[in-house]
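Step one of this worksheet: look at the structure below.
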Amino acid sequence: MEIYLLKSGACLAILFIFYKLFLEKENTHVFKRFYLLGMLIASFGIPLITFTTYTEIIQSLNPTSIVIISTESVSENATILDYLPNILWAIYSIGVIFFSIRFGKNLLTILFKINRNQKLKLSTYINVLLNEKVIPHTFFSYIFLNKQKFEAKEIPEEVMIHEQTHAKQKHSIDVLLIELLQIIFWFNPFIYFIKHSIKLNHEFLADQAVLNQGVDSNTYQKILLAFSSKAAAPLMANSINYSFIKKRFTVMKTQTSKRKIWVRSLLLFPIVAFLIFSFSTKKVTEQIISETETNAVEDFHLKIDKDEIIRYKGEVITFNEIPNAISSYKKTFPEMDLYYAKIDVEKKSSLDKLSPFVEIIKKSGIEKITACWTEDGATKAQLEEYNNLAKKYNAQDKENRIILMKDIERLEYIYGLMTDEQKANAEPFPNIPPPPPPAPDAPKVIKGVNDKDANIPPPPPAPDKPLPEEDPIKHIVKLAEEGAHFILFEEGPHFKDGREIDAEKAIEYLRKYENLTVKIRNDYDLYTIVEIRAAGC
């Protein structure tokens, strides 16, 4: 709202200054009337004009979200600046209320005069006869006159023509419009200057109508002096005003050539164009297109890295070498109509410096240019998904861990997107157990052909046997005598797959440590395997 008020005020000031310098003293009153009204409409309308520029942004197949973190701190101790907007709005509201009351009071005063006094209707005008001494004035088709002077026929015909012109040309519409605008923009000083100029131009128009009746200008000026006074007239009525007399006499003698009117009118076009360009609203709308759409046509592709180094086809080039690169591209693909260019930037701030690139590419005949900024790393949502999955599987026992294939693929995909910093702050990547070795393809046994013992597959390994509840040391000694193999699984990365130890070492571990897990299994009935696992393995 504040920006709009500043823009409209600036437009009003520029257009009014032009009026005061080039138009006010010229004898082109009809044109000036429409200029003053059009100036108000333009000043309050130009800031509302919006020019939309469409910019194409390529959406990456792996889009990156941008999180903006506010670093503003909130002060605990409020100052006068914190309340300044509320104070200003309160002052503005008081002004609106004051001028609204004044507008209503003046309008009611005129309506009371119409209803409470004698009226004489003559053709399209209505004379309202007042008992008090008043200056002749007009409100729409009502002409207010002193009753005594009217009945004594002391009001000259020239004055009546003057007031009837106000009524005929509906000057009261202009006055009401500026009064309503004054309620809303009461703080703008140019509103009061324009209001004065509108009423003065109304007097010019009425004077011109009188002189067009063949009245001598000197005689008419004397009549004006006789009927003008410093007595107050209603604010929303047109009246003969003493303060306007000097300027009116000057303009009566002014003659403006048609050529002068055309020249000064033409000056308005560049001024209006300047105002529209400077004070209208510019809006940039991003049109997101996918990479598949851009790849559907041949394009000229530049990359600008974080150090603002320009690369084309992986090679470093200078800014001035871009036209040569485009020419080279056209020679490489002479059958293609090159009309599309793409610029990838690694640093967001580089987007604000692309105007020279756009200009130099357009000079080479390329019609469509798109800029794309993609940030390295996984998105916030992807990081959250990865951490949840990794935490879930890291909580499972390492040896008995079971990970779904789809989760493995998802973890590997997101981990591959992550930056080094993101990897350092994320959950550790779960230790994925290797898949079991594939079983050897057993030959198909055909009775009477190859049904020998060598072709018959061995039975599956026997399930693990628990350690007997009797003295475990004696049982281990017995197994050692029978030729058992001992595998020790210790805590630590180097022994995660286990290592074979002799019977003495196995018995020493069993005697020395209490928190051990022992599993006994047969390897296809060839020999017995004893697995000894330390805590955490």
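Points worth noting:
- Single match in Ile361, Ile402 (criterion: hydrophobic (A, V, I, L, M, F, W, C) and not assigned by TED's automatic domain parsing to the domain that holds Tyr340): Ile402
- Taking the conditions (1) at pLDDT 75 or above; (2) farther than 19 Å from Asp344 by Cβ in turn, Ser257 satisfies each one other than (1).
- Residue in region 375-384 that is modelled with pLDDT under 65, under 29 Å from the mean Cα position of the chain (by Cα) and under 25 Å from Ile304 (Cα atoms) present: yes
- Selection within region 157-185 - small (Gly, Ala, Ser) and farther than 15 Å from Phe103 by Cβ: Ala167
- Within the set Ile46, Ile3, the sole residue that is part of a helix (DSSP H, G or I), at pLDDT 90 or above and β-branched (Val, Ile, Thr) turns out to be Ile46.
The values are calculated or read from the model by the stated rules, or taken from the named source; none is laboratory data. These numbers were taken from a predicted model, which means no experiment stands behind them. Methodologically, a virtual Cβ is constructed for each residue, glycine included, from the backbone with ideal geometry; neighbour enumeration extends over all protein chains shown.
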